[in-house]
Structure formats: C-alpha cells, structure tokens
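The values are calculated or read from the model by the stated rules, or taken from the named source; none is laboratory data. Just so we're clear, the structure is a prediction, and the values are computed from it rather than from any experiment. Here Cβ is always computed from backbone atoms with ideal geometry, including for glycine, and neighbour counts include all displayed protein chains.
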Amino acid sequence: MWNIEQFRKELAEIVNLDSSSEDLQDIAVIGRMLANRLRDEGYLVETFDEDTRIEARTHAEKDFDVMFVGHMDTVFPKGTAAERPYREEGNLAYGPGAADMKAGLVLAIHLAKQLRAVRPELRICLAFNSDEEIGSGRSKSWLQKLARHTRYAFVFEPGRQNNGFVRSRKGGADLEVSFQGIAAHAGVAPEKGANALVEMARWITELTALQDFSAGTSITAGVAAGGTASNVVAERAEVVFDIRFKDSHALEKIREKVSYLKQNPDVNGVKAEPVFKNVIMPMNPSNVTEELMQKMNQAASGLGQSICWIDTGGVSDANHIASLGVPTLCGCGPVGNDMHSSGEYLELDTIEKRLELMYRLIVQL
C-alpha cells in the first residue's frame, strides 16, 4: 500500500533544497513543487505570500474533517543543503530538515493520498507554512482560521523516541525590557546618575524568583547588555527573557509582576519599558483530545505497536491550533532526533509504521 522507495526519493529531493525561514525565495521553490504536485493529484490548491504558504483541499466546502499541518522552513542557513546533502546510513537518514520536518510533509501527502483512495468522502485540508521555526508570525492567523473549520488537527512534527507522540507543549513568550537611566561620572558625581544596570539586575532577580519548575514555569534571562564604561553610571541597559509556561495563569502572574516593577522602580530616575513578543499559548489536551489519544492507543494496539506520549517545553503550530479548543495531536511524522543540529536524523523504519498508524486512526475516526 505504501511506496517507501518513492517516499525516500521525494524526501531526498526536498532535503537537498535550502529553506531557511529567512529565505522566502528558497522556500517558494519547495512551495511551488508541492503545490503543483497536489494540483496534479486533484486537490483544490491556493498559495499565498508568493508560494510560501500552501492550502490544499479535497473538497470545496468550508468545513473539513481533518487538517494536516506542516512547515517547509528549517533553521539552517542557505548553503547547508549543498554542504551536507541528504544521505542514508543504515536505518538513518541525515540532512538539514530531514526530520524537522520535511519527512512530515512527505508523510502527510502520502497519507492523504491513500485516505482519498479509500474514503473519497473524507474532507481533508493540508496547510503548509514557511515560518514555524520563527514563531509563525506570518501564518498564525491563517492556520487558526482554517483550524476553526476542522474536526481534528494533526501536526506532522517529527515523532519522538520509542514511537512517541506529543501530548502537550508549553506556551512561550519573549519579554524584552529596555532601561533608560541617567549618565554621570562614577568618580566625580555618582550621586547625579541613575544606574540602568542596577534596575535591570533587580528585574532579573525578581522575575527569576517567579520560576516554578514543578508547575512548568521558567523565566530565563538569556541576553543582557548595558553601560558604556566602568567609570560611567550606566545610562542604558537591555535584557531579554525567555518565558515558558504550562498554564496561562502563570503568564498573567508574570504580567502583573512586570507591571508592578515598571511602576515601582528601585532606582529613582530609571524608567523601564517592557514589551512582550511572540506570545504563544500552551497546548494542553482537552477532554476531546484525551478521547482522540485513547483512539490512537487502540489503533496502535491493533497494529501491534506500542506508543508513548510526551510533554515538552518546545512550541509548534500545534499550540496555535490547540489553544482554540480543536482536538490536536502533534509529533505525527516519522521519528527523528537531534533536531536543529548537524547530526539531525530520521529513523527510516518508522516511516511505514507512522503511515499505517495514522491511516488506521483516521479511517476509524
């Protein structure tokens, strides 16, 4: 039923094409390739942003039964595909984006093709974007608009070790804070200054104190800078925090603390300007999603497979969709590991297993 040799050939073809999130011209090459293929297979296809987003439907109706989501972009800069092209060593396939998530794109297309052959009435939508690795800022609203019209969503990020799927993902946000103080000579008149670095240190200390690892909340000061010289009271400073949370209430507590710190500076004369960016809500399973997971367990058991469910701090497009209440499963692609590194690999023997499992689940749905 599955042509794995053809699958591997198609995978090699797109892995050998650069598709950095920042290089839309390269992504458009892959976008046109996939869009043309889907048109040839009879899909109703629309492309957006100069062929860097693809929406392919089996039916013209506004609503559909299942939505397959994937991203064409990778974290690797232009030239990486030529430096280390697709290669196979035993059961492993290597190359930039081989697992994250070009194999997922190919799997979604092959899966949809077989489902259409046996269930022509099944309404399928494939949605592939070009900016997942940088937060899906250009495509988030589009994905959510589509997701509001589907019964189930499947995101084809790489599967995890031991035949793992992703059950939940933390939410995330960047908090950028800039501080404006008053410069002064540190030896002659330090009392005339207002030290932006001191106020920044207070923010780092007090926000870090809100961390609660047991509850899934982390606040990491990842980048900080300020001042000009050791004998000058620092006039400016900047810090960027990475925030992760399992519960949206945790983010609200952080927002309240930020508001308090801004309104009540410790260093008179220093003003802080905080900005939250790239806010992504968590992916937590609803009751309906839990039921979908049980059906997945049953489908796996029927195939003699054992699966596991993973909770992770990383975000994906599944966060945007699940936050709407849509039953969503992530990590539906073939199993991979060491993503975002030169050693990223795909386990070839999981391709057919995933195709069989996803096919069994959706047919039973």
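Here are the numbers for the structure shown:
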quantity: Options 176, 191: the member that is at pLDDT 95 or above and in a helix (DSSP H, G or I); calculated: 191
quantity: Condition check for residue 56: in contact (Cβ under 8 Å) with a residue 12 or more places away in the chain and outside any strand (DSSP E or B); calculated: no
quantity: Check on residue 106, in contact (Cβ under 8 Å) with a residue 12 or more places away in the chain, surrounded by fewer than 23 Cβ atoms within 10 Å (Cβ to Cβ) and either within 20 Å of the chain's Cα centre (by Cα) or assigned by TED's automatic domain parsing to the domain that holds residue 321 (or both); calculated: no
quantity: Contacts under 6 angstrom Cβ, first residue in segment 324-336 being closer than 15 Å to residue 285 by Cα, partner among the charged types (D, E, K, R) and assigned to a loop (DSSP other than H, G, I, E, B), 6 or more apart; calculated: 330/157; 331/157
quantity: Among (1) in contact with a Ser or Thr (Cβ under 9 Å, 6 or more places away or on another chain); (2) within 12 Å of residue 124 (Cβ to Cβ); (3) outside any loop (DSSP other than H, G, I, E, B) - the single one residue 42 does not satisfy; calculated: (3)
quantity: Which numbered condition residue 248 fails, given (1) among the small types (Gly, Ala, Ser); (2) modelled with pLDDT of 95 or more; (3) surrounded by fewer than 20 Cβ atoms within 10 Å (Cβ to Cβ); (4) assigned by TED's automatic domain parsing to the domain that holds residue 188; calculated: (2)
quantity: Selection status of residue 261, closer than 27 Å to residue 327 by Cβ, aliphatic (A, V, I, L, M) and crowded, with 16+ Cβ neighbours inside 10 Å; calculated: no
quantity: Residues of segment 270-323 classified as in contact with a Pro (Cβ under 9 Å, 6 or more places away or on another chain), part of a helix (DSSP H, G or I) and aliphatic (A, V, I, L, M), total; calculated: 4
